[in-house]
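The values are calculated or read from the model by the stated rules, or taken from the named source; none is laboratory data. If you're wondering where the values come from, they're calculated on a predicted model, not measured in any experiment. A quick note on method: Cβ atoms are made from the backbone with ideal geometry, for glycine too, and the neighbour counts reach across all protein chains shown.
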Amino acid sequence: MSHERCRTTAKAGTLGLLVLLAGACAPGAAMEGGMSPGAMRMDGASVERSMAAWHPAAREAASAMMAKYGPPASMTPDMMIWNRTGPWKRTIVYREAVQHDFPMPHPDVMQQFVDYRAPLDRYDELAMYDGSVVVERTNGEMSARCDKEGANFLAINLAHEIATGRRTPEDARRMYGEQIKMMKAGQMTPYTSGLMFTPPPSGNDSDRPIM
């Protein structure tokens with residue numbers, strides 16, 4: 001199968017086409033989304049069985065990511081991983097869901113990362129804003145975990161506004177609820193359609209030795 005055919009198949013994004021892709025694209029073929037040779041050699045029946053046992057929201061999120069970004073870079077029985085897709089440094093869809101009740105009950109199944117260096121005096125405010133937004137100082141990443149990409153865009157955009165002093169945690173939580181209501185009604189805004197800032201090339205902070 002040609003490289004272009006591999007990319008076209010991957011763009012279709014359904015589980016059935018991912019299984020076809022796994023068996024039809026030769027290892028080493030250049031493919032959009034960066035699927036690893038190991039992932040290409042996965043047995044199609046095994047992929048189907050693994051995904052069938054996943055949380056329904058996880059299957060939905062994985063299908064949406066495959067449709068938009070192509071096949072994952074790798075897959076284990078418990079997760080799918082994409083690297084450097086769109087504005088994201090990394091996307092992980094987990095088999096199991098974590099219950100999250102803000103702004104309404106829903107399952108968190110998809111974690112998406114950007115490079116970011118948050119001011120140290122904003123960490124408490126970011127934690128107060130949303131427990132599914134995680135800021136990691138040493139490797140310089142910020143991530144959001146939800147069930148929809150639009151909600152992750154929103155979470156990261158509002159976290160950036162907190163980190164830059166434009167919003168308080170309370171104001172960001174109010175704005176988050178309003179934007180989610182609009183998104184559920186089919187009204188996408190800049191907050192839910194993409195990142196509203198450009199992440200730095202690296203947010204790494206190796207700190208300093210004390211001994």
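Which members of region 173-188 meet the condition of being without any contact (Cβ under 8 Å) to a residue 24 or more places away in the chain and either surrounded by 15 or more Cβ atoms within 10 Å (Cβ to Cβ) or part of a helix (DSSP H, G or I) (or both)? Of everything in region 173-188, those that are without any contact (Cβ under 8 Å) to a residue 24 or more places away in the chain and either surrounded by 15 or more Cβ atoms within 10 Å (Cβ to Cβ) or part of a helix (DSSP H, G or I) (or both) turn out to be 174, 175, 178, 181, 182, 184. Looking at 182, 128, 188, just one residue is under 19 Å from the mean Cα position of the chain (by Cα) and of a type in the set (A, V, I, L, M), and that residue is 188. Once region 38-69 is narrowed to residues that are modelled with pLDDT of 90 or more and part of a loop (DSSP other than H, G, I, E, B), the residue that is surrounded by the most Cβ atoms within 10 Å (Cβ to Cβ) is 54. Restricting to region 119-148, name every residue that is surrounded by fewer than 20 Cβ atoms within 10 Å (Cβ to Cβ), among the aliphatic types (A, V, I, L, M) and touching a residue at least 40 places away in the same chain (Cβ under 8 Å). 128, the sole residue that qualifies. None of 84, 122 is assigned to a helix (DSSP H, G or I) and over 20 Å from residue 192 (Cβ atoms) except 122. Looking across region 55-80, the residues that are in contact with a Ser or Thr (Cβ under 6 Å, 6 or more places away or on another chain) and either without any contact (Cβ under 8 Å) to a residue 12 or more places away in the chain or over 22 Å from residue 195 (Cβ atoms) (or both) come down to 74, 77. Among the conditions (1) at pLDDT 95 or above; (2) buried (at least 16 other Cβ atoms within 10 Å of the Cβ); (3) not aliphatic (A, V, I, L, M), residue 107 misses just one, which is (1).
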